[in-house]
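Scroll down for the structure; my scribbles are underneath it.
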Amino acid sequence: MSEDSSALLSRLQQLQCHFTWDLKLDVSPKKLITRTEIDIEFHQSPYKGAGCFYSLLAYFRYLQDQREEALKLLNQSEETIRESYGDESEKRLIVTYGDMAWLKYHDGDFAQSQSYCQRVEDILVKYPTGSSGSLLPEVYGEQGWAYFKVSRSSISKAIDCFRKALEVQPHDVEWNTCYAVVLFCGEQVSFMIRIFYLFIRNPISLNNSVFLNLFQNRLDEAIVVFERGLKRGDQLSSFNYQLALCYKQKIIAERRRRFSNREEVRKWRRICISHLEESVKRKRPFVLAWAELALLCAEAGDMSRAEEAFQKCLETLPEVEEEKDCQTIHQRCGDFLHYHKKNEAQAIAHYTKGLLIPLKKYNWRQCAKKLKQIADRRLAKNRGDGEALALLGQVARAEGDRKRAAFFYEKALNCDKDNEEYLSALCELRLELQGSSSD
């Protein structure tokens, strides 16, 4: 090794990046690539931390000897970080530039490797940590995320990284979020609950059920957290909605008991409805809150309020962008129409719309289940019900069972020989089956 390359290697070994963190992988890089690609697809561009996923994915691609792809991903990481953080992006680029320096070194491009080393060193001069052994919180954060992703055995290292980031920036929402997640995954739940409380003392945006999901059966702790948030006056619509979900879980739990207490169910339902009412009063209410409100009011016997909430839900539905939310709303609307309005035709229409959204999550399975139940009940009364047979065909097709789907559509067509919809579906299925068999 020449003197110049030896000096460069020494500089590279001082960098903080995926190449120097001694990451112990507990599964193959191929599996980690798949997982990280799912993370990127799930978060998409609005998520500020997406840049760290690109650099981590680049490292996994390098381990698979896919250096050209790794280079593209590191460029994507830099672009994403600059778009997300603007003038604050330099500190976030330390790891990406470090990875780039190592990648260029392994490609034999020593000049570019030195250039990226210099970029990192310039950033560190601009943003000193105050101690030679300390890192910037942005670096601790990315290091913690890397340890968390590569191996369960490294979770303790991830926890330590996020703890160190919080020592510098104790009120940072991102570090608190990551810290809570890794603590939970490391089963240090009591500590995680304390971290969760930090969110109530700081401005946050809760637009989903992430934190409720983290607490699983610890509903009382979650309720305390969200009620504290209401007292602060922050994110009112969100906190009301989250509290409604908590009390809905209490309703479900009480109903599952062998000797359920109807008064308890009514009490939790009243509280649940009150929080949903507060949620929909806000300037930007959750559409899901309207759907939940319609169902609960109907259960309570207040059909006029239930109908009003249902109509509001339908009016706001076109504004919903998230497919999973659309699916949930269609399933809830289907339940409202099926069980409370006794309008089977419209219920089928909503369940079908939910079924056709290709997210095979809980509400997709519920839509499929309800359509099967409706079809089976109708066929028990009339084995020649073509529409019921077609429903089973549609569900089978959505489940990926084309052979079974063709069987049901063929039976449906036998019952209704002039139905163009059934004929078209059957022809498409037969072509697909023929194509798959020829392969």
Surrounding charge for Arg404, neighbours by C-beta under 15 angstrom, Lys/Arg +1, Asp/Glu -1, total 0
What translational D, rounded to a whole number of µm²/s, comes out for the range 383-439 from Stokes-Einstein when the hydrodynamic radius is the Kirkwood one over Cα pairs, at 10 °C and 1.306 mPa s? 144
Separation of the Leu431 and Asn75 label points, Cα + 7 Å toward Cβ, nm: 3.9
For the range 327-437: rounded, prolate or oblate by the Cα gyration tensor [a/c cutoff 1.5]: oblate
Violating pairs (Cα-Cα greater than 18 angstrom) within the set Lys24/Lys149; Lys248/Lys312; Lys281/Lys342: Lys248/Lys312; Lys281/Lys342
Separation in nanometres of the label points that stand 7 Å from Cα toward Cβ, at Lys417 and Arg262: 5.4
Using a Förster radius of 41 Å, what is the FRET efficiency between Phe110 and Ser153 based on their Cβ-Cβ separation? Nearest 0.05, please. 0.70
Burial order of peptide ranges 316-325, 149-158, 339-348 (average beta-carbon count within 10 Å, highest first): 149-158, 339-348, 316-325
Residue separation between Arg82 and Asp22 times 0.36 nm, minus their alpha-carbon distance, gives in nm 18.9 nm
Could you tell me how far the Cα centroid of the range 297-315 sits from the Cα centroid of the range 366-439, in Å? 33
Taking the Cα centre of the range 1-127 as origin, sum charge times position over the Cβ atoms of Lys and Arg (+1) and Asp and Glu (-1), and report the length of that vector in debye to the nearest 20. 280
How much length is gained on full extension from Glu319 to Arg282, taking 0.36 nm per residue of separation minus their Cα-Cα distance? 11.7 nm
For the range 286-381, what log10 I(q)/I(0) values come out of the Debye formula at q = 0.17 1/Å, with one point per alpha carbon and no solvent? -0.69
D (Stokes-Einstein, µm²/s), Kirkwood Cα radius, the range 1-127, 0.890 mPa s at 25 °C: 164
So for the range 129-180, what percent of the C-alpha to C-alpha distances run longer than 13 Å? 50
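When only Cα pairs under 8 Å and 6 or more residues apart are kept, what is the percent relative contact order across the range 286-381? Can you show the working numbers first?
On the way: 101 pairs, mean separation 21.3, N = 96.
Reported as a whole number, the value is 22 percent.
Taken together, the values in this text are just the output of simple stated rules run on the coordinates, not laboratory data. Computed from a predicted structure; not experimentally measured. Here Cβ is always computed from backbone atoms with ideal geometry, including for glycine, and neighbour counts include all displayed protein chains.
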